[in-house]
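As structure tokens, the structure follows; a few thoughts come after it.
The values are calculated or read from the model by the stated rules, or taken from the named source; none is laboratory data. Owing to the predicted nature of the structure, the values given are computational and were not obtained by experimental measurement. Note: ideal-geometry Cβ built from the backbone for every residue, glycine included; neighbour counts use all protein chains shown. These area figures cover heavy atoms from the full protein model, side chains too; ligands, DNA and RNA do not enter into them. Shrake-Rupley method; radii C 1.70, N 1.55, O 1.52, S 1.80 Å.
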Amino acid sequence: MAPLRHPTTARRERAVLIALLIAMAGVISLITLLGWYLWRESVVAEEQRLGTLAERLGHQAEDALVDARSLLQDLNASPLVRCSPAHIATLQQEAIARPYIRAIGYWQAAERRCGVGFVQGAALTPPSASRIYDNGVVAWWPSPDTAVGDVELFLMRLGDHDVAIDPRLLLDAGALDDPSAGQLPGQEGGQESSQQAGLWVEGLLMVSVPANARVPAPDTLPPGLTIEGGNGRILARFSLDTVFPMDVVAVQPSRQFVQRYLPSLATASLLGLALVVLWVLVVLRVSRRRLSLTAELRSAIDSGAIDVVYQPIVDLQSGRCVGAEALARWQRAGGEHISPDVFIPLAESGRMITNLTLTLLERVAGELGGLLREQPGFTVNINLSPQDLEDARLPQSLDRVLTDAGLPANALKLEITERALVDSDTSRQLLAELRRRGHQLAVDDFGTGYSSLSYLESFELDTLKLDKAFVDAIETHAVTSSVIIHIIEMAHSLQLNMVAEGIESEHQARWLAANGVQLGQGYLYSRPLPARAFRRYLKGH
């Protein structure tokens, strides 16, 4: 038969497992958050890049069309004799000045009488116009009817002049390539980019790059960026609506998008990985320390290695010490002092707090038993946690300790937190039983938790302890300085004794005494003292 594991070992293994699960949850959360952030930032950056590109392409095309219309207006207004050498020279000069213009011509009625450029004659007389505008402009969109060779031209006529525009030069193919993206995998030097784009003017396709590209129509896409993971491409649609309604649609492979942002993604991923590793190390370090502290605390409690110090409780009128609060202190084997703010919650989370309380009881009885027998009115306060009030061992252990030490029940005053007042009926019943046995009950740190007048009325209590925060605010403009007056009045109405905690000045002590607070404790009188030093303190008070 396999040997059973020690309960402490099992608890430590469970704690390690929990710590690892927390670390894994943290890692997954960090990776998920980092991945989402990087993806979102890359998409936003790409949307901005393509949006800027589309706007530039759209404005370039619009400027060319507006310039062509202005040119036709100027030619129609020219006083030169039509088809004269001077007229032809002017047409030639204007065509050369605009690289996107393939021809300029003069019409008389339905006959093209003269012109300049690469295209002449019947090639510039398609059957029906695509658009006829109120300002007299007649336009033919690129189509097989306007094709010359393999190029489908855009034709515009106004008055008695026309222009033939090569739409390929309206969309700058070089602008589609992002030099920062570098060469795509498998793309040889000089090979064209795999990115595509299309320009629509007034809902009609003006040009696509490359010429055989199958670019989705803008009315099939939402504005902005669309990611088609299944097709391995990214689509972007951007619209302009100034002189002409225009739409630019850009298409690029997903791999191009990834490669463009790969350096920043890699850098951020390395940073994220470093943060993840740091997170795991921090969690494991904290977990190991916590496990080590938990195991050491359990051992210290079991072996009675917890120290006890006593802070005097003083009558504010006479200055005489009438009691003390017993406080646990823990010094590790290496000499490190662990704060109660650390080891008390650790004892509660490890379900060791009642063992700690019982250890404290035995130490108090052993160290101050003689004093308590010699001074019947002297009391020592013991702090109880909510877990103590749910442990059936407490009443029997109290009786045993008192009987062995020959002490009455009223020698030990039991302090409970406000949280214990609202935890359960079990706590209420146990507190009532402890009070019937002769123990006095005090509510510790009153005003910082959940208590109200109704809770205080429903419990049988003897003493109310004012939290240090209220004492610090005495006669200041802080909100708590006015609250303390109401707490004192409430305690008087319930006939409760009061102990003020954290008194550090004579001014605070005089104010408290003048307002009916009977007892106090704090550094004004003494810091918490070991038993021997506390007995010496008593001899002087």
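Listed values, structure above:
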| read-out | value |
| --- | --- |
| Selection count where residues are more than 56 Å from the chain's Cα centre (by Cα) and either among the charged types (D, E, K, R) or open to solvent by 40 Å² or more (accessible area, probe 1.4 Å) (or both), scope segment 64-89 | 14 |
| Enumeration of residues in segment 211-225 that are surrounded by 15 or more Cβ atoms within 10 Å (Cβ to Cβ) and either among the aromatic types (Phe, Trp, Tyr) or modelled with pLDDT under 85 (or both) | LEU225 |
| Single match in ALA110, ALA147, ALA61, ALA95 (criterion: at pLDDT 90 or above and either out of contact with any helix residue (DSSP H, G or I) (no Cβ under 7 Å at 6 or more places or on another chain) or open to solvent by 20 Å² or more (accessible area, probe 1.4 Å) (or both)) | ALA95 |
| Test for THR417: is it within 28 Å of LEU538 (Cα to Cα), open to solvent by less than 50 Å² (accessible area, probe 1.4 Å), among the hydroxyl-bearing types (Ser, Thr, Tyr) and modelled with pLDDT under 85 | yes |
| Those residues of segment 321-360 which are open to solvent by less than 30 Å² (accessible area, probe 1.4 Å), in contact with a Ser or Thr (Cβ under 9 Å, 6 or more places away or on another chain), more than 21 Å from SER397 (Cα to Cα) and in a helix (DSSP H, G or I), in sequence order | LEU346 |
| Answer from GLY447, GLY406, GLY369, GLY438 - the residue that is closer than 21 Å to CYS321 by Cα, at pLDDT below 95 and among the small types (Gly, Ala, Ser) | GLY369 |
| Qualifying residue in segment 61-76 (condition: in contact (Cβ under 8 Å) with a residue 24 or more places away in the chain and of a type in the set (Val, Ile, Thr)) | yes |
| Positions within segment 361-400 being charged (D, E, K, R) and part of a loop (DSSP other than H, G, I, E, B), in sequence order | ASP391 |
| Of all residues making up segment 505-541, the number that are surrounded by 13 or more Cβ atoms within 10 Å (Cβ to Cβ) and touching a residue at least 24 places away in the same chain (Cβ under 8 Å) | 23 |
| Check on ARG437, open to solvent by 20 Å² or more (accessible area, probe 1.4 Å) and under 49 Å from the mean Cα position of the chain (by Cα) | no |
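Conditions (1) at pLDDT 80 or above; (2) open to solvent by 40 Å² or more (accessible area, probe 1.4 Å); (3) part of a helix (DSSP H, G or I), marked per residue:
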{"site": "GLN259", "(1), (2), (3)": "no, yes, yes"}
{"site": "ALA266", "(1), (2), (3)": "no, yes, yes"}
{"site": "TRP279", "(1), (2), (3)": "no, yes, yes"}
{"site": "LEU291", "(1), (2), (3)": "no, no, yes"}
{"site": "ASP302", "(1), (2), (3)": "yes, yes, yes"}
